[in-house]
Amino acid sequence: MKTTCVAMILAGGQGSRLGALTKRVAKPAVPFGGKYRIIDFPLSNCAHSGIERVGVLTQYRPFELHNYVGNGDAWDLDVRDGGVFILPPYARDKGADWYRGTADAIYQNLYFISLSDPDYVLVLSGDHIYSMDYSKMIAAHKENGAEATIAVIRVPWEEASRFGIMDADEDGRIKEFAEKPENPKSNLASMGIYLFSTDFLRRYLEADAKQKNSSHDFGKDVIPKMLADEAKLFAYPFEGYWKDVGTIESLWEANMDFLSDTPPIDVGGRWRIRSANHSMPPHYLGPRAKVRHSLVNEGSVVLGTVEHSVLSSGVRVEKGAVVTNSVLMPFAKVEAGAVVDHAIVGQGGLVESGAHFEGTDGAVRVIGDKEVYHVDGTVTEGSGVF
Amino acid sequence: MIKNVMGIVNLQAQEELLSALTEQRPLASLPFGGRYRLIDFPMSCMVNSGIRNVGVLLPEHSRSILDHLRSGKDWDLARHHKGLFYLPPVRRAHGEQGGDLQNMYSNLDFVDNSSEEYVLLAESSAVYNMDFTEVMETHFRLGADITMVTSASRCTDSGSGIVVRAARDGVVSDVCLHSDIKKGEQRSLGIYFMRKQLFVELVRQAVEHGGKDFRVDVLLRAAAGCRICAHQHTGYAWRICSVQAYYETNLALLHPEVWEGLFLREGAPIYTKVKDMAPVQYLDGAHVKNSIVANGCEISGKVENSILFRGVRVDRGAVVRNSIIMQNGVIGAHAEAECVITDKNVFITGGKVLQGARTYPIYIGKNKRV
C-alpha cells in the first residue's frame, strides 16, 4: 500500500563517546530521563506525526535495541499497513556488507522503502532528545517545492563551530553547508533530520554508492553533492528543545535539564513520549528518605537522600546514601552510606557501601552496565542482573 | 507452572459493604496500591501460575473493567489460541434478582468447551500474590473435590466474609458466612480449585434448584456431599470488604516487607494496564516520607505515610498524611489532608483542612471539589 512518508531511524552507530554506557547496548537503547530510552523520542514523534511505517537501521550491539523496539506496539505502530521494521545489514548473493555510512545504510534499504512507494523519506537519528511534529516539516517541504528539507535550530554563535552549519537565504533555501566550520556564516545548525522526495533521494544514493572515494555519509558526501548540483534544498527552522546526547557530558546535561520545575519537553502531556514498560509497582520512599528536585520512576526504593537526580526504574538508594546531581539507570544500586555526585551509574551498576563516587561539573564520572564501584575507588565487572 | 487448568475470574460476587467506594464501579476495578485495580491480583497470579485460558464473568456495569483489561495484552492474554474471554451477564426478566450463579450458568458452554480438566475460580475482592500451583498441589495431596484458599484474618474489624474451619488434615468441617470476622480466623479468599466437570455439575444443579449465589447455593449447600479442603495461604493476603479494610490494606503496603512480598515476588510481578506516565517530579518544597508514589505525580508539598496514585499533584505548603489519594487528585497549596481517602479526580482547594481518624477515614467521592 502506498504511504506518504517512511521514516528511517539511523540506530546503528556505536556511540563510542558514551564510553562504558554503550559497551553492551547501542546508543539509541541507552536509558534516558528516568523512564525512557533515547529511541523513544523519534519513535514517539513518528507516531504522533502520523508516520506509521518506520525502519530502524541497526548494526552495533543490536540485541537490546531489537528486544526493546519489538514490533513497535508500545508506540501504537503495530498497524497492518505499517509498523516498525528492524533493518540490520544483510548478506546477498554476491557477498555481504556492513553499513559503511549513514547514506549507505539507507541505500542498502531502498528496496524496503520502495515497498510502500512513499512520496517522502524522513531520515532521523537515534541519539537526539526532542519532540517535533514531522508533519509540519512535510507540509513546509511541499510548500517550498523542495527536493530535500533539513531541520535546523539556532544555536549560540559561540557554539556554532561544533555543529554542521547551514547558510540559508531569506526564503530558507540552503546556499551552503559547512561541517563544524571555524568561522561559521550562520548559527543555524543541522539537527540531523532530513526529509527527501523519494525519487530525488534514490538518484543521489545510487550515484553515491558508485563513488569509490565517498565515505557514504549524508553530512559529508550526499548533502554537499546535492548543494553542488544546486538542488532545491530548504532549511526547516525548529524552535524548542533539542539535544544531541552523543557524549557523556551532553547525556548528563540533558538529564539534568529535565529536573527543572518546567521541564523542556512535556513528556507526559499531549505529545506524550511513549516507552515499552515493564510492569513495576510505584516507587517507595522510606521513613528517612529525602528526595527533592528529582525524577523518580516506578519500582525504585529510596531510603537515603536524593537531590537533583534522575532515578530510573528499579533503583535502590539505601539508608544514609546520598545521591546528588546524578543519573541512576535502571536497577542501579547505591549501598548504605555511599556518596554519588555528578555521576552516571549504568544499568544494574552498583556503588558499594561507603564508597565515594564523585565527579565534578564538566567531568562527570561513569560506571557502565553491571559495573561495581568499590570503596577503594576501583571498578570491577559485577554480576548484577538487569 | 500448572497446565490443564482454566481460570475464571468472578466479578459478580457480592460487595455491598463497600458502598461508598463501589457506588460507581465494580469492586474489581477499585484502584489499589498506587497504580493497580483489584482485578490485577487474580489475573496476574493466574498468568504467573501458568494459566493461559481465562474467562472473566463480567458484572452489569463493566465499562471500567473492559477499558482496563482490553485485549488482555498487559497480562499476555491477547492470544490467537485461548487467552482472555469476556463472559457478559445475561439479561434477566424484569424485577428478578440476579446473582453470580445465573451468569456462570449461562456461560457454562464456554467452560464445557475449554480443553482443560480443572478450573480455578477466583473472586476479585482480595489482594495477594500467590502461586496457584501450590493450591493445586494441596488439592491432590488431600484428595479433595474442592479446595478453597484461606488466610488468617489480620484484624478483628474486617467486615463480612466466609469463615472456614478445617481439621488438622485440611478437610473443611464448617463453612459459614460471618458478618464479623475475628483476628486469626481462617477466612476464604474467594479462590476455589476443582475438577471442571464437578464445577459444571454443581452450578447446573444449583441453578435448577433455584440457586442464585455461588457461595451460598453451591459452596454452602450443593457441595455438602463433597470433600472440601482448605489451602492455607501463609503469605500476605487481605480481603477488601469494608472501607476500613481498604484503607488499612493500602497503608500496610508502607511496610517494605509487605510491599516487596506483594510486588517483588521472584518471577511473579503484578501486571496492570500500562499507561505512559512520566516519572514523578519532586520539586522545590517536596518533603516525602514513608510513602508510595505512582508515576505522573508532581510534588511540591509534604507527604507522609500515604499512597499517591498516578497523576496526583501536591502543591506547595500542602500536607498529606496517612491518606490515600487516587488518580489525578490535587491537594492545593497549604491544604491539609489527614486520614482521608479521595477518589479519582478530587480537587482539594488551597488552604482547606480535612481530618479523619485512623479508625474512621473520611472518604471523598469521585470528581468532587472541596
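Taking the range A:275-294 on its own, how many of its residues are out of contact with any Lys or Arg (no Cβ under 8 Å at 6 or more places or on another chain), buried (at least 21 other Cβ atoms within 10 Å of the Cβ) and of a type outside the set (Gly, Ala, Ser)?
Residues flagged as out of contact with any Lys or Arg (no Cβ under 8 Å at 6 or more places or on another chain), buried (at least 21 other Cβ atoms within 10 Å of the Cβ) and of a type outside the set (Gly, Ala, Ser) within the range A:275-294 amount to 3.
For the range B:276-296, give me each residue that is more than 14 Å from A:LEU259 (Cβ to Cβ), facing chain A (nearest Cβ under 7 Å) and part of a loop (DSSP other than H, G, I, E, B).
Matches in the range B:276-296: B:ASP276, B:MET277, B:ASN290, B:ALA294, B:ASN295, B:GLY296.
Read through the list (1) at pLDDT 95 or above; (2) farther than 30 Å from A:SER326 by Cβ, then give the number of the only condition that A:ARG80 fails.
It fails just one condition, (1).
Which of the residues spanning the range A:304-316 are touching a Leu at 6+ places or on another chain (Cβ under 8 Å) and either among the aliphatic types (A, V, I, L, M) or over 19 Å from A:GLU352 (Cα atoms) (or both)?
Passing the criteria: A:HIS308, A:VAL310, A:LEU311, A:VAL315.
Just a yes or no: is a residue in the range B:301-324 assigned to a loop (DSSP other than H, G, I, E, B), over 30 Å from B:LEU77 (Cβ atoms) and among the hydroxyl-bearing types (Ser, Thr, Tyr)?
Yes, the range B:301-324 contains at least one residue that is assigned to a loop (DSSP other than H, G, I, E, B), over 30 Å from B:LEU77 (Cβ atoms) and among the hydroxyl-bearing types (Ser, Thr, Tyr).
Scan the range B:82-100 for residues that are among the hydrophobic types (A, V, I, L, M, F, W, C) and at pLDDT 90 or above and jot them down.
Those that are among the hydrophobic types (A, V, I, L, M, F, W, C) and at pLDDT 90 or above: B:LEU84, B:PHE85, B:LEU87.
Scan the range B:48-71 for residues that are crowded, with 20+ Cβ neighbours inside 10 Å and aliphatic (A, V, I, L, M) and jot them down.
Those that are crowded, with 20+ Cβ neighbours inside 10 Å and aliphatic (A, V, I, L, M): B:ILE51, B:VAL54, B:VAL56, B:LEU57, B:LEU58, B:ILE65, B:LEU69.
Which residues, taken from the range A:138-152, are touching a Leu at 6+ places or on another chain (Cβ under 8 Å) and either surrounded by fewer than 23 Cβ atoms within 10 Å (Cβ to Cβ) or not assigned by the TED database to the domain that holds A:GLU176 (or both)?
A:ILE138, A:GLU147
Please enumerate the residues belonging to the range B:245-264 that are at pLDDT 90 or above and either in contact with an Asp or Glu (Cβ under 9 Å, 6 or more places away or on another chain) or more than 12 Å from chain A (Cβ to nearest Cβ) (or both).
The answer is B:TYR246, B:TYR247, B:GLU248, B:THR249, B:LEU251, B:ALA252.
Six or more apart or on different chains, Cβ under 8 Å: which pairs go from a residue in the range B:258-271 that's within 9 Å of B:ASN48 (Cβ to Cβ) to one that's buried (at least 18 other Cβ atoms within 10 Å of the Cβ) and basic (Lys, Arg)? Could you list them?
Matching pairs, first to second residue: none at all.
Of the residues A:LEU18, A:LEU43, only one is part of a helix (DSSP H, G or I), touching a helix residue (DSSP H, G or I) at 6+ places or on another chain (Cβ under 7 Å), farther than 21 Å from A:SER131 by Cβ and in contact (Cβ under 8 Å) with a residue 60 or more places away in the chain; which?
A:LEU18
Identify, please: which residue in the range A:246-260 is within 12 Å of another protein chain (Cβ to nearest Cβ) and either part of a helix (DSSP H, G or I) or hydroxyl-bearing (Ser, Thr, Tyr) (or both) and is, among those, surrounded by the fewest Cβ atoms within 10 Å (Cβ to Cβ)?
A:SER260
Answer yes or no: is there a residue in the range B:303-315 that is surrounded by 23 or more Cβ atoms within 10 Å (Cβ to Cβ), within 9 Å of chain A (Cβ to nearest Cβ) and more than 21 Å from B:ARG369 (Cα to Cα).
No: the range B:303-315 contains no residue that is surrounded by 23 or more Cβ atoms within 10 Å (Cβ to Cβ), within 9 Å of chain A (Cβ to nearest Cβ) and more than 21 Å from B:ARG369 (Cα to Cα).
Kindly list the number of the only condition in (1) under 17 Å from A:MET132 (Cα atoms); (2) within 14 Å of another protein chain (Cβ to nearest Cβ) that fails for A:ASP73.
The single condition A:ASP73 does not satisfy is (1).
Take the range B:1-57 and flag every residue that is hydroxyl-bearing (Ser, Thr, Tyr) and within 12 Å of B:SER124 (Cα to Cα).
B:SER29, B:SER44
Test each condition in (1) farther than 14 Å from B:VAL200 by Cβ; (2) modelled with pLDDT under 95; (3) assigned to a helix (DSSP H, G or I) for B:ARG79 and report the one that comes out false.
The single condition B:ARG79 does not satisfy is (3).
Pick from the range B:252-282 the residues that are of a type in the set (A, V, I, L, M, F, W, C) and surrounded by fewer than 22 Cβ atoms within 10 Å (Cβ to Cβ): which of them is farthest from B:CYS339 (Cα to Cα)?
If we take residues in the range B:252-282 being of a type in the set (A, V, I, L, M, F, W, C) and surrounded by fewer than 22 Cβ atoms within 10 Å (Cβ to Cβ), then B:ALA268 is farthest from B:CYS339 (Cα to Cα).
Residues are listed down the side, and each one gets a yes or a no for (1) touching a helix residue (DSSP H, G or I) at 6+ places or on another chain (Cβ under 9 Å); (2) of a type outside the set (Asp, Glu); (3) assigned by the TED database to the domain that holds A:SER16:
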{"position": "A:LEU251", "(1), (2), (3)": "yes, yes, yes"}
{"position": "A:ILE265", "(1), (2), (3)": "yes, yes, no"}
{"position": "A:ARG272", "(1), (2), (3)": "yes, yes, no"}
{"position": "A:VAL291", "(1), (2), (3)": "no, yes, no"}
{"position": "A:GLY299", "(1), (2), (3)": "yes, yes, no"}
{"position": "A:THR305", "(1), (2), (3)": "no, yes, no"}
{"position": "A:VAL317", "(1), (2), (3)": "no, yes, no"}
{"position": "A:VAL322", "(1), (2), (3)": "no, yes, no"}
{"position": "A:LEU328", "(1), (2), (3)": "no, yes, no"}
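Among the residues of the range A:234-245, is any under 30 Å from A:THR360 (Cβ atoms) and within 10 Å of chain B (Cβ to nearest Cβ)?
No, every residue in the range A:234-245 fails to be under 30 Å from A:THR360 (Cβ atoms) and within 10 Å of chain B (Cβ to nearest Cβ).
Would you mind listing the strands (runs of 3 or more DSSP E) fully within the range B:127-207 where at least 2 residues are of a type in the set (Lys, Arg) and in the same structural domain as B:GLY33 (by TED's automatic domain parsing)?
In the range B:127-207, the matching strands (runs of 3 or more DSSP E) lie at B:186-195.
Go through the range B:322-360 and count every residue that is surrounded by fewer than 21 Cβ atoms within 10 Å (Cβ to Cβ), of a type outside the set (A, V, I, L, M, F, W, C) and out of contact with any Lys or Arg (no Cβ under 9 Å at 6 or more places or on another chain).
8
Among strands (runs of 3 or more DSSP E) lying entirely in the range A:261-376, which contain 1 or more residues that are away from every other protein chain (no Cβ under 14 Å), in contact with a strand residue (DSSP E or B) (Cβ under 8 Å, 6 or more places away or on another chain) and more than 22 Å from B:PRO269 (Cβ to Cβ)?
A:322-324, A:339-341, A:343-345, A:356-358, A:365-367, A:371-373
From the list B:ASN328, B:ASN322, which one is in the same structural domain as B:ILE348 (by TED's automatic domain parsing) and in contact (Cβ under 8 Å) with a residue 60 or more places away in the chain?
B:ASN322 is the lone residue from the list that is in the same structural domain as B:ILE348 (by TED's automatic domain parsing) and in contact (Cβ under 8 Å) with a residue 60 or more places away in the chain.
Only one of these conditions is not met by A:LYS212: (1) buried (at least 17 other Cβ atoms within 10 Å of the Cβ); (2) over 21 Å from the mean Cα position of the chain (by Cα). Which number is it?
It fails just one condition, (1).
The values are calculated or read from the model by the stated rules, or taken from the named source; none is laboratory data. This is a predicted model, so every value here is computed, not measured. Cβ atoms come from the backbone with ideal geometry, glycine included; neighbour counts cover every protein chain shown.
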